[in-house]
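Report on one structure; see the data block that follows.
The values are calculated or read from the model by the stated rules, or taken from the named source; none is laboratory data. The model shown is predicted, which means the values in this text are computed figures rather than measured ones. Because the Cβ atoms are built from the backbone with ideal geometry, glycine has one as well, and the counts that use them run over all protein chains shown. Quick note on the areas: whole protein, heavy atoms, side chains included, nothing else; ligands and nucleic acids left out. Shrake-Rupley method; radii C 1.70, N 1.55, O 1.52, S 1.80 Å.
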Amino acid sequence: MSAREATRAIRTATVYTHSRPDQTADAVAALRTSAERAGVELLFEPEPGTKADVSIVLGGDGATLRALRANAGTGVPVFAINFGRIGFLATADRTELEAAVERALNGRFEVVPLPAIALDGDSPELFGINEVSFQRRSHLNMAQISYSIGGEEVGERVPCDGLIAATPAGSTGYNLSVGGPILAWGVKAYTVSLIAPHALSARALVAAPEDLLRVINAGGDPVDIVVDGMRTGELDAGKAMELSFRPDVVGLAQLPGSSFYRRFREKLLQLTS
């Protein structure tokens, strides 16, 4: 994982919180007090395009993902303090609130660039920080997916519930739950995994960043296109869509000395203990 030192002065910070404000009320009050002392203006739940020097999250991975998407392509790093369950994307935990807020407001953190997976199309919203998936609808028959990587056919009319393309940051999410490989942050690659395939030959792959993924709905029913957990459209029967890897789309703040592998041990392995 390659981190870059942040050297910016912090004058304005956007703030994102999760859907349970009672759990973050004290943290918000502490942040307001520290920001006033540091001379930093706070903008809560900002409109898209709001300019800031850092984006602070008081919430779980969902709120962090929302902030990462909002700051994609802006150069504004996201500093996340975990108030959720796992907090795999978090910069610090709630038990470190005072020190974490001080670092966020004074720019004393490193920044890890995260990639995205982009879909072809005209909408700027068609990108996933974690993953893009094609999913069978629950009331319809099994999907049939054909797909190629780098112009080479990999699967033809594979019966399954769908397909997931995940970034390294997203490889520990939905991708992991279907048996896909985990990629360390900083790896220039993405994963391609099938959801509940009915084919013994179906295997998850790690794709090179320059190789386009082309997905064809070879079945008779539409499949949903889901981006970072949000349904954004559908892929009709017989239609195709291309996905590409985009490096360094948004920055995630990290404390000096942070390690992906320590995070893996502390966050993910606790789920099996």
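In segment 186-259, which strands (runs of 3 or more DSSP E) lie fully inside it and hold 3 or more residues that are open to solvent by 20 Å² or more (accessible area, probe 1.4 Å)? Break it down into steps so the answer makes sense when it comes.
Details: elements: 190-195, 205-207, 213-217, 223-227, 230-235, 240-254.
In segment 186-259, 230-235, 240-254 are the strands (runs of 3 or more DSSP E) which contain 3 or more residues that are open to solvent by 20 Å² or more (accessible area, probe 1.4 Å).
Look at segment 42-70: where a residue is farther than 21 Å from G87 by Cβ and of a type in the set (G, A, S) and a partner is open to solvent by 20 Å² or more (accessible area, probe 1.4 Å) and part of a strand (DSSP E or B), sitting 6+ places away or on another chain with Cβ atoms under 7 Å, you get A52/T12; A52/L43. The residue that is least open to solvent (accessible area, probe 1.4 Å), among those in segment 8-24 that are at pLDDT below 95 and not hydroxyl-bearing (S, T, Y), is H18. Quick check on segment 67-93: of everything there that is closer than 15 Å to T24 by Cβ and surrounded by fewer than 19 Cβ atoms within 10 Å (Cβ to Cβ), which residue is farthest from the chain's Cα centre (by Cα)? My answer is D93.
Of all residues in segment 40-63 being among the β-branched types (V, I, T) and closer than 19 Å to A99 by Cβ, which is surrounded by the most Cβ atoms within 10 Å (Cβ to Cβ)? Steps first, answer last, please.
Start the filter on segment 40-63 by keeping residues that are among the β-branched types (V, I, T), which leaves 40, 50, 54, 56-57.
Among the residues that remain, those that are also closer than 19 Å to A99 by Cβ are: 40, 54, 56-57.
Numbers: V40: 21, V54: 26, I56: 28, V57: 32.
Only one residue fits best here, namely V57.
Inspect segment 99-110 for any residue being assigned to a helix (DSSP H, G or I), free of Cβ contacts under 8 Å to residues at least 40 places away in the same chain, within 30 Å of T24 (Cβ to Cβ) and open to solvent by 10 Å² or more (accessible area, probe 1.4 Å) and give the result as yes or no. Checking segment 99-110: at least one residue is assigned to a helix (DSSP H, G or I), free of Cβ contacts under 8 Å to residues at least 40 places away in the same chain, within 30 Å of T24 (Cβ to Cβ) and open to solvent by 10 Å² or more (accessible area, probe 1.4 Å).
Residue check: N106 meets all listed conditions (1) under 26 Å from A189 (Cα atoms); (2) over 24 Å from the mean Cα position of the chain (by Cα); (3) among the polar types (S, T, N, Q) but one, namely (1).
Might you check whether a residue that is crowded, with 23+ Cβ neighbours inside 10 Å, in contact (Cβ under 8 Å) with a residue 24 or more places away in the chain and either β-branched (V, I, T) or farther than 23 Å from V223 by Cβ (or both) occurs anywhere in segment 172-183? Walk me through how you get there before you give the answer.
Initial filter on segment 172-183 (crowded, with 23+ Cβ neighbours inside 10 Å): 172, 175, 180.
Filter once more, keeping what is in contact (Cβ under 8 Å) with a residue 24 or more places away in the chain: 172, 175, 180.
In the following step, the residues that additionally are either β-branched (V, I, T) or farther than 23 Å from V223 by Cβ (or both) were identified as 172.
Within segment 172-183, one or more residues are crowded, with 23+ Cβ neighbours inside 10 Å, in contact (Cβ under 8 Å) with a residue 24 or more places away in the chain and either β-branched (V, I, T) or farther than 23 Å from V223 by Cβ (or both).
Inspect segment 27-36 for any residue being open to solvent by less than 30 Å² (accessible area, probe 1.4 Å) and within 23 Å of the chain's Cα centre (by Cα) and give the result as yes or no. Spell out the reasoning first.
Filtering segment 27-36 down to residues open to solvent by less than 30 Å² (accessible area, probe 1.4 Å) leaves 27-28, 31, 34-35.
From what is left, the residues that are within 23 Å of the chain's Cα centre (by Cα) are none.
Scanning segment 27-36, I find no residue that is open to solvent by less than 30 Å² (accessible area, probe 1.4 Å) and within 23 Å of the chain's Cα centre (by Cα), so the answer is no.
Residues are listed down the side, and each one gets a yes or a no for (1) open to solvent by 20 Å² or more (accessible area, probe 1.4 Å); (2) part of a loop (DSSP other than H, G, I, E, B); (3) in contact with a helix residue (DSSP H, G or I) (Cβ under 6 Å, 6 or more places away or on another chain):
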{"position": "T95", "(1), (2), (3)": "yes, no, no"}
{"position": "I117", "(1), (2), (3)": "no, no, no"}
{"position": "R137", "(1), (2), (3)": "yes, yes, no"}
{"position": "Y147", "(1), (2), (3)": "no, no, no"}
{"position": "G155", "(1), (2), (3)": "no, no, no"}
{"position": "V158", "(1), (2), (3)": "no, no, no"}
{"position": "I164", "(1), (2), (3)": "no, no, yes"}
{"position": "P168", "(1), (2), (3)": "no, yes, no"}
